[in-house]
Structures are given as structure tokens and as C-alpha cells.
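The values are calculated or read from the model by the stated rules, or taken from the named source; none is laboratory data. None of the values given here were measured: they were computed from a predicted structure. Cβ atoms come from the backbone with ideal geometry, glycine included; neighbour counts cover every protein chain shown. Ligands, DNA and RNA are stripped out before the accessible areas are found, and what is left, the full protein with its side chains, is counted by its heavy atoms. Shrake-Rupley method; radii C 1.70, N 1.55, O 1.52, S 1.80 Å.
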Amino acid sequence: DPLRQKGPHAHSINIDPYNRFAVVADLGLDQVLVYRLDTINAKLELNNSPLVQLPGGQGPRHLDFHPSCKYVYLINEIGNSVSALKYDASYGNLSEIQRVSALPHDFDNNNQCADIHVHPSGKFVYGSNRGHNSIFIAGIDQESGRLNALNFQTTGGINPRNFAIEPRGKYLFVANSVSNNIVTFKIDQDSGLLEPNGHFT
């Protein structure tokens, strides 16, 4: 994208659950880079492992770790997709194993993906769509880490920039930035689907 990807744009950084590596989603470079985290000397050093190079125009934005620490899920803002990555926590190695659309196949209007979170159970992953104004819902195969797209839930507002799952995994809160509202959804623990519970802020 000539406007969004003129140069490096490190959009987010996540520390792995073992506090050993920092994983960076660089929207401008279409890359996911891993740094060794030196907490004693407060330093980051580029890891020896190869970076993840995505196809041009994907624009990786945010990521989240699976509770098992075997997988990482990445949302790509410009490409409107979600990548499943295999993660070797011993060496900080990442490799893409799957990429799926974050949008319904019949949607052809403007959209930018934004936020992504894995459910505390490790069974589901959610991502937000600004334009389609929805939450993408997918199941996670626990053996392979691959995704099975399940559904899309409208967010009850415009431009769902960020969202959060409360620690027990029972509720999901969506912040719609343009409509200035926060909408609460109940999470079905078996299916992963979302149901508005009538709470708006």
C-alpha cells in the first residue's frame, strides 16, 4: 500500500508468556520480527531466527499468544486476514501455517482489521473489522493450531477499533470508536459465539 507502507511501521509489540522474547508486528514491512528480551540490562536484540515475511499489502497490526504458547494469532489490517503462526518458545521461532479471510466472502466494501484476542480457554480467536463493523470468530484446532471460521457478530456500533475479553472468558467488550459506545457480549463457552447482553456504555 503506497500510502500506509512507505517504510517501517512497528504497530505493536507483545512479550511472550515466558518473558524471553518480544514479537513485533510491523505493518509497514509486512513482517513479524522477534527480539530477544534482556530484562536485566533493559535491552532488545534481534533474534537469530528468521522473521516472518507476509505477502505484500497484508499490513500485520496486532497479535496474541495461544495459552499453550505453541501458536500466535496475527491480524493483518490491510489484507483483512488472520494468520495462524506456529511458535517455538525455546528459540523464539515463528512460522505461518495458515491465513484466512477476516471478512465474509460476499463483502466488497472498505474495511480495515484492527484488534485480535485469543479466548482464555484457547478454543477460539476473535478479530475486529472496521468497515464491516463486526467481530470475526474462529475455532482453533488444538492439535494443529489451524483456524476454522465460525461466524461474524455485528458490534452494535461503528468502527470497532479495540475489544477485550474479561479474564474468566465469559464476556467480550467492544469499543466502537466512531459511534462512541462500548457494547458487551456474552461468550458461549461451547460454541464461542457472541450474544449481545443489552449493556451499552
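For PRO2, are the conditions met, namely being out of contact with any Gly (no Cβ under 9 Å at 6 or more places or on another chain), under 23 Å from ASN111 (Cβ atoms) and part of a loop (DSSP other than H, G, I, E, B)?
It is true that PRO2 is out of contact with any Gly (no Cβ under 9 Å at 6 or more places or on another chain), under 23 Å from ASN111 (Cβ atoms) and part of a loop (DSSP other than H, G, I, E, B).
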In the range 104-149, residue farthest from LEU193 (Cα to Cα) [restricted to those that are outside any strand (DSSP E or B) and open to solvent by less than 10 Å² (accessible area, probe 1.4 Å)]: GLY145
From the residues in the range 23-38 that are surrounded by fewer than 19 Cβ atoms within 10 Å (Cβ to Cβ) and within 17 Å of the chain's Cα centre (by Cα), which one is nearest to SER144 (Cα to Cα)? GLN31
Those residues of the range 54-64 which are touching an Asp or Glu at 6+ places or on another chain (Cβ under 7 Å) and under 14 Å from VAL24 (Cβ atoms), in sequence order: LEU54, GLY59, PRO60, ARG61, HIS62
May I ask you to verify whether ASN41 is open to solvent by less than 30 Å² (accessible area, probe 1.4 Å), at pLDDT 95 or above and out of contact with any His (no Cβ under 8 Å at 6 or more places or on another chain)? no
Out of the residues in the range 59-87 that are more than 23 Å from ASP106 (Cα to Cα) and outside any strand (DSSP E or B), which is most open to solvent (accessible area, probe 1.4 Å)? LYS70
GLN98 fails exactly one of the following numbered conditions: (1) out of contact with any Lys or Arg (no Cβ under 7 Å at 6 or more places or on another chain); (2) surrounded by fewer than 21 Cβ atoms within 10 Å (Cβ to Cβ); (3) in contact (Cβ under 8 Å) with a residue 24 or more places away in the chain; (4) in a strand (DSSP E or B). What is the number of that condition? (1)
